[in-house]
Amino acid sequence: MKNLFIRLYLFLILTLVGLGWSIDLLYNATLNKAVVAERQLTSDLELHKGTFFLLETELKRQPAPTREQHLTAITTSFGYPVSLLHLAELTSIAERVETPLSQAQLDYLSLGGIVTLYDDIAGESWFFKTLTPTQANPRISAEAIKFAPAEPANIIALGPILTESAEQTDAVYTLIFFIGLALVVFIWVWPISRGLMSLTKAATIFGRGDFSVRASTKVAKPLEQLVLRFNSMAARIQRLIKSHQELSHAVSHELRTPIARIRFAMEIIRDEDDKAMVNQYIDTMDKSIEELDALVDELLVYARFDREEPQLELKSINLVNLAYDVCHRSALTEPELTFQINGINYQDANELSEVTCFADKEAMNRVVDNLVRNAVRYAKTTINIAISNDGQQASKSGSPEGSLHVQKPAAPQVKLAVQDDGPGIPEPDRQSLFEPFVRLEDTRDHKSGGIGLGLAIVKRYVELHKGRVDVDQAPLGGASFILTWPKQ
């Protein structure tokens, strides 16, 4: 929003300066035209000079007492008033338009010159000329003006003649400025206002419980980041709510089964006298508790991903040793299965070359352990962990069995695949396996239980390592979960 304020502030400043400068140029151009037109006033004076000559010639033919009456009669032939004035009336007009006549103008008028007065506010102009001036005419002075009313009216006046008002012209330019400013600001503000209205509407609908709503991304540039962050927040909230609902549903179903088994075993023990049967039911209770513990552990880990992004502690680890530890733990509980690393028995892993990378040991241990436990559910006889380092697989000399087909990448990478000889996974179902609480229902039984969080946790941890996880068919015939992430 700070950038939005700076943009708006600079935009308004530049708009004001630009409009002011443009209108100033327009005003100056118009003023230049007015100056040119004013220079054309010389022609108007010449025209009025001719008018004065004709009026003076006509009035000279009339006796002095009838001149005003005769002039009134012929005024209808003009498009403006024509009259005979006393000198005092002339000075009164000059005072009214706040343009007092100077002594030089009065002298010029007494010699037969034409004097002009302008009223820029009212948009009026007057032209004056003395009737029948002679060299013997007395010089007009303040005393002459004082006693002028006693003399006959002998100043021919043309006007007032309406002209353009300067005040009106300034008002027009001011109006143009503000209209231009309003138009430019509207053009800039309207897309922002429309985007904010769209965002407000989406937020209102979202607040009412429709968590699938998203704000339109077709908004003004300053609002793009705001809309993207709102949509990201909405998607995260929707995901959290969906996860919470799925978690509640999963917990209500999955936790009840081991709890029911424990309760059933406890009821049997109370009435059972056979010690062997009692021990058998105690073992059942113990397995159910372990199952509950594993379920709770997965729930806590997955809930942690929704609350915050775990901080990885990257350090150099040997993937061969990590795979050995996982295989050893699984072999203790699944003695009927054969566990291999790169095609050889895991117990001979010390003969393999090291495959090192930088990773979080605890996270990667959980990832491999989840994949192996997943493979245990479906494997018939064999589980193999294939490990490669930048295209070079760790193996015994001349033993390519169980290898990964890897092309040397441009950047150093490591790959780890957990393979089994089970029924495999249909291709259409492979990607959905990594969604939380998803399982293949046709393979669900007591042995393949769980709530479908193991693979989701695997995917999250691999993505935190800037890697990816894929599913393919294993060389053993079953499923192959392939992890790839940068070595450094």
Item checked: Other-chain or far-sequence residues with amide H under 5 Å of Glu334's (modelled H) -> none
Note to self: Quick check: pseudo-label points 7 Å beyond the Cα along Cα→Cβ at Ser77 and Asp286, how many nm apart are they?
What the structure shows: 13.8 nm
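Figure the gain on full extension for Arg256 and Thr333 (residue separation times 0.36 nm, minus the Cα-Cα span) and round it to one decimal in nm.
Values: separation 77, 0.36 × 77 = 27.72 nm, distance 2.43 nm.
Computed gain between Arg256 and Thr333 is 25.3 nm.
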Next item on the list: Hey, can you grab everything whose amide H is under 5 Å from the amide H of Leu352? Only 5+ residues off in sequence or another chain; H modelled, so Pro and N-termini drop out.
Entry: none
Margin query: If you take every residue apart from Val471 with its C-beta less than 10 Å away from the C-beta of Val471, what net charge results, scoring Lys and Arg +1 and Asp and Glu -1?
Written below: -3
Item checked: Protection-proxy order for peptides 328-338, 365-375, each taking the mean of Cβ atoms within 10 Å per residue, highest first -> 365-375, 328-338
Note to self: How large is the direction-averaged shadow of the alpha-carbon convex hull of the range 335-386, in nm²?
What the structure shows: 4.1 nm²
Checklist line | ³J(HN,Hα), Karplus 6.51/-1.76/1.60, whole Hz, each residue of the range 266-275, x for Gly, Pro | finding: 5, 5, 5, 4, 4, 10, 9, 9, 6, 5
Next item on the list: Return the long-range amide H neighbours of Gly343 (sequence gap of 5 or more, or a different chain), with a cut-off of under 5 Å between placed amide H atoms.
Entry: Ile385
Next item on the list: Run the accessible area of the range 335-380 with a 1.4 Å probe and give the carbon-and-sulfur part as a rounded percent.
Entry: 39 percent
Notebook entry, point to check: In whole Hz, what ³J(HN,Hα) sequence does the range 322-330 give by Karplus (6.51, -1.76, 1.60; θ = phi - 60°), x for Gly and Pro?
Noted result: 4, 5, 4, 4, 5, 4, 5, 5, 6
Check: Ignoring ligands, DNA and RNA, what percent of the 1.4 Å accessible area of the range 68-125 is carbon and sulfur?
Finding: 54 percent
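The values are calculated or read from the model by the stated rules, or taken from the named source; none is laboratory data. Not measured: the values here are computed from a predicted model. Cβ sites come from the backbone with ideal geometry, for glycine too, and all protein chains shown count toward neighbours. Side chains included, ligands, DNA and RNA excluded: accessible areas come from the protein's heavy atoms. Shrake-Rupley method; radii C 1.70, N 1.55, O 1.52, S 1.80 Å.
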